[in-house]
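The values are calculated or read from the model by the stated rules, or taken from the named source; none is laboratory data. Computed from a predicted structure; not experimentally measured. When we count neighbours, we look across all protein chains shown, and the Cβ atoms used for this are built from the backbone with ideal geometry, even at glycine. Just so you know, the surface numbers come from the protein's heavy atoms only, side chains and all, with ligands and any DNA or RNA stripped out. Shrake-Rupley method; radii C 1.70, N 1.55, O 1.52, S 1.80 Å.
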Amino acid sequence: MKHIGSILGVAGLLVVMSASRPAKAQGNNELIDAIAGEINRVRARPDKVASELKGQKEALIAARVKVGDSKEDATKAIESCILDLENIPTKYDRLEKIYLDGTLTSTAQFFADSREPSKPASSRQIYAKMLKGGYRPPLPLPISKDSFEEILLTLPSKGTNSEKAKEIIQDLLIDGGASNISSGYLRRCFILDYRLVSIPPKQAAYRVVFAGIGVKGESLRIQYLVRPR
(Lines give C-alpha, C1' and ligand atoms only; values in the text may rest on other atoms or scores of the structure.)
Protein backbone atom coordinates (compact mmCIF):
# COMPACT_ATOMS: atom_id res chain seq x y z
CA MET A 1 0.00 0.00 0.00
CA LYS A 2 1.47 3.34 -1.07
CA HIS A 3 1.50 6.28 1.31
CA ILE A 4 0.69 9.65 -0.24
CA GLY A 5 0.91 11.66 2.95
CA SER A 6 2.58 11.63 6.30
CA ILE A 7 1.72 11.65 9.97
CA LEU A 8 1.28 15.22 11.13
CA GLY A 9 1.01 14.65 14.87
CA VAL A 10 1.78 12.48 17.88
CA ALA A 11 -0.44 10.43 20.16
CA GLY A 12 -1.70 7.15 21.54
CA LEU A 13 -5.18 5.96 20.65
CA LEU A 14 -8.02 6.49 23.13
CA VAL A 15 -11.28 7.28 21.36
CA VAL A 16 -14.85 8.21 22.29
CA MET A 17 -17.86 7.67 20.06
CA SER A 18 -20.52 10.01 18.77
CA ALA A 19 -23.89 8.40 18.10
CA SER A 20 -24.37 10.03 14.71
CA ARG A 21 -22.98 8.68 11.44
CA PRO A 22 -22.04 11.23 8.73
CA ALA A 23 -24.43 11.12 5.80
CA LYS A 24 -21.73 11.59 3.15
CA ALA A 25 -19.80 8.58 4.45
CA GLN A 26 -22.69 6.12 4.36
CA GLY A 27 -21.48 4.43 1.19
CA ASN A 28 -18.20 3.63 2.98
CA ASN A 29 -19.52 2.68 6.40
CA GLU A 30 -18.56 -0.97 6.04
CA LEU A 31 -14.94 -0.15 5.18
CA ILE A 32 -14.71 2.55 7.86
CA ASP A 33 -16.06 0.18 10.49
CA ALA A 34 -13.70 -2.55 9.27
CA ILE A 35 -10.69 -0.25 9.73
CA ALA A 36 -11.76 0.66 13.26
CA GLY A 37 -12.43 -3.01 13.97
CA GLU A 38 -8.97 -4.03 12.79
CA ILE A 39 -7.33 -1.46 15.06
CA ASN A 40 -9.30 -2.92 17.95
CA ARG A 41 -8.29 -6.45 16.97
CA VAL A 42 -4.62 -5.43 17.20
CA ARG A 43 -5.21 -3.78 20.56
CA ALA A 44 -7.19 -6.70 21.98
CA ARG A 45 -4.82 -9.45 20.81
CA PRO A 46 -1.35 -8.02 20.16
CA ASP A 47 0.19 -11.43 20.82
CA LYS A 48 -1.93 -13.01 18.08
CA VAL A 49 -1.02 -10.26 15.61
CA ALA A 50 2.67 -10.70 16.48
CA SER A 51 2.35 -14.40 15.65
CA GLU A 52 0.73 -13.53 12.31
CA LEU A 53 3.57 -11.17 11.43
CA LYS A 54 6.15 -13.81 12.29
CA GLY A 55 4.53 -16.16 9.82
CA GLN A 56 4.57 -13.49 7.09
CA LYS A 57 7.94 -11.94 7.96
CA GLU A 58 9.94 -12.84 4.85
CA ALA A 59 7.08 -11.98 2.50
CA LEU A 60 6.55 -8.63 4.22
CA ILE A 61 10.24 -7.78 3.99
CA ALA A 62 10.28 -8.66 0.30
CA ALA A 63 7.16 -6.55 -0.36
CA ARG A 64 8.69 -3.48 1.26
CA VAL A 65 11.99 -3.89 -0.51
CA LYS A 66 10.04 -4.08 -3.77
CA VAL A 67 8.53 -0.62 -3.20
CA GLY A 68 11.83 1.03 -2.26
CA ASP A 69 12.75 0.29 1.37
CA SER A 70 16.17 -1.12 2.04
CA LYS A 71 16.21 -4.68 3.33
CA GLU A 72 17.77 -3.40 6.55
CA ASP A 73 15.01 -0.85 7.15
CA ALA A 74 12.23 -3.29 6.23
CA THR A 75 13.65 -5.98 8.51
CA LYS A 76 14.08 -3.54 11.38
CA ALA A 77 10.54 -2.23 11.02
CA ILE A 78 8.95 -5.68 11.02
CA GLU A 79 11.12 -7.18 13.76
CA SER A 80 10.62 -4.16 16.02
CA CYS A 81 6.87 -4.32 15.41
CA ILE A 82 6.78 -7.95 16.50
CA LEU A 83 8.83 -7.06 19.57
CA ASP A 84 6.46 -4.26 20.56
CA LEU A 85 3.37 -6.42 20.10
CA GLU A 86 4.81 -9.29 22.12
CA ASN A 87 5.71 -7.02 25.02
CA ILE A 88 2.32 -5.36 25.47
CA PRO A 89 0.64 -8.31 27.29
CA THR A 90 3.54 -8.68 29.75
CA LYS A 91 4.69 -5.08 30.32
CA TYR A 92 1.56 -2.94 30.02
CA ASP A 93 -2.11 -2.78 30.92
CA ARG A 94 -4.58 -4.11 28.36
CA LEU A 95 -5.20 -1.63 25.56
CA GLU A 96 -8.78 -0.37 25.66
CA LYS A 97 -11.22 -0.59 22.77
CA ILE A 98 -11.45 2.53 20.64
CA TYR A 99 -14.44 4.11 18.89
CA LEU A 100 -14.95 6.47 15.98
CA ASP A 101 -16.30 9.95 16.59
CA GLY A 102 -19.17 10.86 14.26
CA THR A 103 -18.35 14.57 14.04
CA LEU A 104 -14.69 13.95 13.22
CA THR A 105 -15.63 11.27 10.69
CA SER A 106 -17.94 13.84 9.05
CA THR A 107 -15.03 16.27 9.03
CA ALA A 108 -12.64 13.72 7.53
CA GLN A 109 -15.23 12.94 4.86
CA PHE A 110 -15.69 16.63 4.12
CA PHE A 111 -12.00 17.04 3.34
CA ALA A 112 -11.96 13.77 1.40
CA ASP A 113 -14.80 15.11 -0.79
CA SER A 114 -13.41 18.63 -1.20
CA ARG A 115 -9.64 18.13 -1.67
CA GLU A 116 -7.18 16.36 -3.88
CA PRO A 117 -6.12 13.02 -2.34
CA SER A 118 -2.55 14.22 -1.82
CA LYS A 119 -3.50 17.55 -0.18
CA PRO A 120 -3.74 17.29 3.62
CA ALA A 121 -5.91 19.47 5.81
CA SER A 122 -4.09 21.53 8.42
CA SER A 123 -4.82 21.23 12.12
CA ARG A 124 -6.36 24.70 12.06
CA GLN A 125 -8.66 23.81 9.14
CA ILE A 126 -9.83 20.60 10.81
CA TYR A 127 -10.34 22.45 14.10
CA ALA A 128 -12.47 25.12 12.42
CA LYS A 129 -14.64 22.51 10.71
CA MET A 130 -15.05 20.58 13.96
CA LEU A 131 -16.19 23.70 15.81
CA LYS A 132 -18.81 24.30 13.11
CA GLY A 133 -19.92 20.70 13.55
CA GLY A 134 -20.56 21.18 17.26
CA TYR A 135 -17.24 20.20 18.85
CA ARG A 136 -16.37 22.07 22.04
CA PRO A 137 -12.88 21.86 23.54
CA PRO A 138 -12.57 21.17 27.28
CA LEU A 139 -10.95 24.61 27.73
CA PRO A 140 -11.89 27.82 25.90
CA LEU A 141 -9.84 28.96 22.93
CA PRO A 142 -7.02 29.97 22.73
CA ILE A 143 -6.12 28.23 26.02
CA SER A 144 -7.15 24.79 24.73
CA LYS A 145 -4.16 22.70 23.65
CA ASP A 146 -6.20 20.36 21.44
CA SER A 147 -4.73 19.73 18.00
CA PHE A 148 -6.33 17.92 15.05
CA GLU A 149 -4.00 15.92 12.82
CA GLU A 150 -4.29 13.75 9.73
CA ILE A 151 -2.69 10.95 7.71
CA LEU A 152 -3.34 10.32 4.02
CA LEU A 153 -3.24 6.87 2.45
CA THR A 154 -4.07 5.09 -0.77
CA LEU A 155 -6.48 2.19 -0.36
CA PRO A 156 -5.42 -1.31 -1.43
CA SER A 157 -6.71 -2.07 -4.92
CA LYS A 158 -7.96 -5.59 -4.20
CA GLY A 159 -9.78 -7.51 -1.50
CA THR A 160 -12.89 -7.33 0.62
CA ASN A 161 -13.39 -4.45 3.04
CA SER A 162 -12.10 -6.68 5.82
CA GLU A 163 -8.99 -7.60 3.81
CA LYS A 164 -8.33 -3.98 2.87
CA ALA A 165 -8.69 -2.90 6.51
CA LYS A 166 -6.22 -5.55 7.62
CA GLU A 167 -3.67 -4.45 5.01
CA ILE A 168 -4.09 -0.77 5.93
CA ILE A 169 -3.61 -1.32 9.66
CA GLN A 170 -0.78 -3.80 9.17
CA ASP A 171 1.04 -1.20 7.04
CA LEU A 172 0.53 1.53 9.66
CA LEU A 173 1.53 -0.85 12.44
CA ILE A 174 4.78 -1.97 10.78
CA ASP A 175 5.45 1.65 9.77
CA GLY A 176 8.39 0.76 7.53
CA GLY A 177 10.86 3.03 5.82
CA ALA A 178 13.92 4.99 6.90
CA SER A 179 12.00 8.25 7.42
CA ASN A 180 9.49 6.62 9.75
CA ILE A 181 12.24 4.88 11.72
CA SER A 182 13.97 8.22 12.31
CA SER A 183 10.70 9.79 13.49
CA GLY A 184 10.06 7.01 15.98
CA TYR A 185 7.45 4.74 14.37
CA LEU A 186 4.75 7.32 15.02
CA ARG A 187 2.05 5.45 13.12
CA ARG A 188 2.63 2.44 15.35
CA CYS A 189 2.59 4.65 18.44
CA PHE A 190 -0.93 5.76 17.56
CA ILE A 191 -2.27 2.22 17.33
CA LEU A 192 -0.45 0.96 20.45
CA ASP A 193 -0.85 4.00 22.74
CA TYR A 194 2.93 4.54 22.81
CA ARG A 195 3.39 1.17 24.49
CA LEU A 196 6.65 0.53 22.63
CA VAL A 197 9.90 -1.06 23.72
CA SER A 198 11.67 -0.84 20.35
CA ILE A 199 12.25 2.92 20.67
CA PRO A 200 11.83 5.58 23.35
CA PRO A 201 8.36 7.02 22.62
CA LYS A 202 8.43 10.66 21.55
CA GLN A 203 6.13 13.28 23.04
CA ALA A 204 4.34 10.65 25.09
CA ALA A 205 2.68 13.44 27.07
CA TYR A 206 0.04 13.50 24.31
CA ARG A 207 -2.81 11.12 23.51
CA VAL A 208 -5.54 10.77 20.88
CA VAL A 209 -8.98 11.20 22.39
CA PHE A 210 -11.05 10.39 19.30
CA ALA A 211 -10.64 9.68 15.61
CA GLY A 212 -12.50 9.93 12.29
CA ILE A 213 -12.13 8.31 8.88
CA GLY A 214 -13.05 9.65 5.44
CA VAL A 215 -12.94 7.66 2.18
CA LYS A 216 -13.31 8.80 -1.42
CA GLY A 217 -12.42 6.56 -4.32
CA GLU A 218 -8.97 5.11 -3.64
CA SER A 219 -8.01 7.71 -1.03
CA LEU A 220 -8.31 7.45 2.74
CA ARG A 221 -8.03 10.11 5.44
CA ILE A 222 -7.63 9.27 9.11
CA GLN A 223 -8.00 12.32 11.36
CA TYR A 224 -7.58 12.42 15.11
CA LEU A 225 -7.54 14.81 18.01
CA VAL A 226 -4.30 15.12 19.96
CA ARG A 227 -4.59 16.31 23.55
CA PRO A 228 -2.02 16.65 26.36
CA ARG A 229 -2.42 13.99 29.03
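Leaving ligands, DNA and RNA out of it, report the carbon-plus-sulfur percent of the accessible area of region 86-229 at a 1.4 Å probe.
Answer for region 86-229: carbon and sulfur cover 52 percent of the accessible area.
At a 10 angstrom cut-off on C-beta neighbours, averaged per residue, how do the peptides 149-160, 184-195 rank from highest to lowest?
184-195, 149-160
Just in region 77-110: which chymotrypsin sites (Phe, Trp or Tyr not before Pro) are loop by DSSP and have at most 11 other Cβ atoms within 10 Å?
none
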